[in-house]
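Before any comments, here is the structure.
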Amino acid sequence: MLTDRQMLILQAIIDHYTTYEEPVGSKTLAKMPTIEASSATVRNEMARLEALDLISKTHSSSGRIPVEAGYRYYINHIMPKYGGLIDSGLTDTEQEMVHEIFSDPYAELEDIITKSAETLALLSQNVVMALGPEALTQRLAGFKIVQLTRDRGMAILITHLGRVEDFVFTIPKQVSWDTLEELVNVINAEMLQLPLSTVIQRLQTETIDIMNLDKHPNNRSLVNHLVKKIDGERLVISGRQLLYQQLSSSEDFKEIHSLNEVLNNHQLLIDLMSERNKGIQVRIGKELEQPKLENMSLMTANIGTDQNDHDLIFAVLGPENMPYLKMVQLVHGIRSELNRFLDDYQSKL
């Protein structure tokens with residue numbers, strides 16, 4: 001455990017790097033009002049923090065920058081010590097933006113989820129993702145395809161909660177009705193009562209061999225269309241361009257490319273968000289176990305009642321040096337309002 005002075009120095013290094021994205025030296029830190037120590041003392045304390053692998057020295061400067069372990073210590077020990085700041089609330093402008101989410105008395109739950117994600121993305125300048133209610137627990141109860149005309153069909157999907165999704169599609173000339181019936185039979189024989197996330201995964205893998213998708217691209221297109229429809233409204237993603245702009249300012253185009261690949265993989269995102277721990281959780285860099293996200297952090301918040309079917313999960317994905325305290329304040333503020341909305345929504349069901 002660090003001393004109070006060491007924690008204040010580590011906090012100052014992280015806050016400085018978060019704001020300016022540049023190393024900070026002992027002279028700059030010694031001038032900060034929260035650190036009552038000489039430059040020499042600060043330098044000695046920084047050496048101890050470096051020995052503990054919480055900060056590192058850059059090659060081009062005598063200053064220090066935080067590393068992954070330093071961010072983890074900040075989240076686990078420094079933020080709780082100054083936790084009162086988390087509960088201090090949003091600014092007036094931020095609070096107005098949050099209240100605007102719930103201003104329409106006729107808004108549907110899906111609209112509230114989308115607006116919440118958009119607002120949190122705008123306030124945080126990061127990518128925000130939301131899994132809607134029942135997204136993690138909804139199971140497949142039935143699937144069928146109805147022929148409308150010679151070249152038009154309607155796919156109908158039913159969940160165990162009675163939710164019905166349907167869409168009309170054009171049948172490519174190369175796809176026969178026998179193929180469609182085979183797909184329906186496979187789904188109803190092998191995938192009923194499975195979570196939709198599992199159905200999506202199996203449609204993308206097992207049906208490749210069953211329907212000879214590698215040999216018939218049109219069949220693959222049909223399955224991909226079904227997958228997108230099933231996955232459709234379950235996952236909301238906002239703020240891509242906001243985060244890309246952040247990364248482009250540092251000319252980190254490789255990071256943007258890797259991030260774009262991850263954000264296009266909805267099943268991966270759902271898996272990353274599907275932690276069932278209550279409250280606000282943060283995973284940093286290698287903790288995400290995704291090489292393409294090793295310089296990113298993911299903050300997830302479980303929102304809702306104890307009845308899992310009505311839980312929401314929100315996640316903020318941003319750079320490893322995101323301002324964690326501010327992110328927690330924003331997530332906490334929107335989370336509180338959403339909990340109140342969900343309590344009212346639940347009472348009307």
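The values are calculated or read from the model by the stated rules, or taken from the named source; none is laboratory data. None of these values were measured; they are calculated from a predicted model. Note that each Cβ is placed from the backbone with ideal geometry, even for glycine, and that neighbours are counted across all protein chains shown.
Figures for the structure shown
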{"read-out": "Region 158-185, residues that are at pLDDT 85 or above and under 32 Å from the mean Cα position of the chain (by Cα)", "value": "I158"}
{"read-out": "Candidate set from region 123-172 (those that are in contact with a helix residue (DSSP H, G or I) (Cβ under 9 Å, 6 or more places away or on another chain) and of a type in the set (V, I, T)); member that is farthest from E96 (Cα to Cα)", "value": "I171"}
{"read-out": "Test for E36: is it under 31 Å from the mean Cα position of the chain (by Cα) and in the same structural domain as I65 (by TED's automatic domain parsing)", "value": "no"}
{"read-out": "Pair list, Cβ < 9 Å and 6+ apart or interchain, from region 26-40 residues that are among the basic types (K, R) to residues that are surrounded by 12 or more Cβ atoms within 10 Å (Cβ to Cβ)", "value": "K27/S39; K27/V42; K27/R43; K31/S39"}
{"read-out": "Every residue from region 78-95 that is of a type outside the set (V, I, T) and either surrounded by fewer than 11 Cβ atoms within 10 Å (Cβ to Cβ) or at pLDDT below 90 (or both)", "value": "M79, P80, K81, Y82, G83, G84, L85, D87, S88, G89, L90, D92"}
